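The values are calculated or read from the model by the stated rules, or taken from the named source; none is laboratory data. Bear in mind the structure is a predicted one, so any value in this text is a computation, not a measurement. Don't worry about glycine lacking a Cβ; one is built from the backbone with ideal geometry, like all the others, and counts go over all protein chains shown. Just the protein is used for accessible areas: all its heavy atoms, side chains included, with ligands, DNA and RNA removed. Shrake-Rupley method; radii C 1.70, N 1.55, O 1.52, S 1.80 Å.
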Amino acid sequence: MRAMNRQFGRAVVIGASSGIGEAIARQLAREGADVALVARRPTELARVADALAGKGRAYVHDVTCYDEVPVLFERVVGDLGGLDLIVYAAGIMPRVAEGEYDFAKDRAIMDVNVLGAMAWLDLAAAHFEAAGAGTIIAIGSIAGERGRRGNPAYCTSKAALATYMESLRNRCSRYGVNVVTVKPGFVDTPMTRGAPGLFWLISAEEAARRSLQLARRSSGGSTFVPRRWALVAFIVRTLPSAIFRKLNI
Ligand SMILES: NC(=O)c1ccc[n+]([C@@H]2O[C@H](COP(=O)([O-])OP(=O)(O)OC[C@H]3O[C@@H](n4cnc5c(N)ncnc54)[C@H](OP(=O)(O)O)[C@@H]3O)[C@@H](O)[C@H]2O)c1
């Protein structure tokens, strides 16, 4: 079978003001795409838009303002003259101390990492389904493979995101929509800066390159980035709970 090579001429990246989202936006623009950049910080969005040299347009938005999303989605699609790709890269991972149980922090994680994704990607799925084409990428994480003691809400949010994406894929793929979950290991971004115990660290540019490559070639699926994290996922999933709970991760 001939390998696919989808073209993304018009894209929106949610969480485009830094890290993986910024790197994806930059790569898309380098390849000629017009990119809508969505995030909260206007100065960071302006910096990224400037770097995209006429190919990027900034939209200041907090993904937890769910009621704003339908109008903003239509505005973005109108400004771009259509849509080929949506990337949900917005996410937070506040540090959680030993013995800390903070509902406000947990809720913030779920609001951004899960509900914000649903607010945007439900609309995108309906739009692409009606068009009979389009690609949805969400940035999950290896952290969603198992409930680690280190950050319960973050692990939960990434597991929930992966399951939601799988459901979208199962709903939309029959209408020609390509739904891709990217699960990175450690990526060098502001989110991980200064965090202890990082290994196999890759750059945001590398994560972006692999994510887009996958989305171009796949017919939907879920993949670890880089691939060697699949082995870690397998081991982590296979370990009996009695052993896993003793690990300090
Ligand atoms: N770095 C890693 O090692 C790693 C590994 C696996 C998965 N991931 C995932 O990759 C995604 C990107 O993370 P990153 O590492 O690139 O982190 P990052 O550099 O901190 O970027 C996070 C992005 O999310 C946006 N964001 C956060 N809260 C938002 C809100 N309420 N409304 C709108 N935008 C919001 C931020 O923009 P504003 O602050 O301007 O709003 C920023 O653009 C996240 O989902 C993360 O969980 C990261």
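Things to note:
- Gyration tensor (alpha-carbon) shape descriptor, region 152-249, a/c threshold 1.5: oblate
- Intensity falloff of region 70-161 expressed as log10 I(q)/I(0), Debye formula with alpha-carbon point scatterers, at q = 0.12, 0.18, 0.22, 0.25 Å⁻¹: -0.45, -0.80, -1.02, -1.21
- Residues of region 120-141 with amide N under 20 Å of a point placed 7 Å along Cα→Cβ from Gln213: 136-141
- Quarter the surface of the alpha carbon convex hull of the chain and you get the mean projected area, 13.7 square nanometres.
- Net charge dipole, the chain: roughly 1000 debye, given to the nearest 20, about the Cα centre with Cβ charges of +1 for Lys and Arg and -1 for Asp and Glu.
- Linear extension gain, Ser173 paired with Arg237, 0.36 nm per residue minus alpha-carbon span: 20.3 nm
- Rolling a 1.4 Å probe over the protein heavy atoms of the chain, with every protein chain left in place, gives an accessible area that is 54 percent carbon and sulfur.
- Label separation (Cys65 vs Ile202): 3.4 nm, computed from points 7 Å beyond Cα along the C-beta direction.
- For region 40-120, the list of chymotrypsin sites (Phe, Trp or Tyr not before Pro) that fall in a loop by DSSP and count at most 10 other C-beta atoms within 10 angstrom reads Tyr101.
- Length gained when the stretch Asp50-Ala108 is fully extended (0.36 nm per residue, less Cα-Cα span): 17.9 nm
- Three-way shape label, region 128-180, alpha-carbon gyration tensor, a/c 1.5: prolate
- Rotationally averaged projected area of region 93-224 (alpha carbon convex hull; nm²): 8.1 nm²
- Nearest-20 debye value, region 40-97 charge dipole, Cβ charges on Lys, Arg, Asp, Glu: 280 debye
- Here the gap between Asn5 and Ala195, fully extended at 0.36 nm per residue and compared with their Cα-Cα distance, gives a gain of 64.8 nm.
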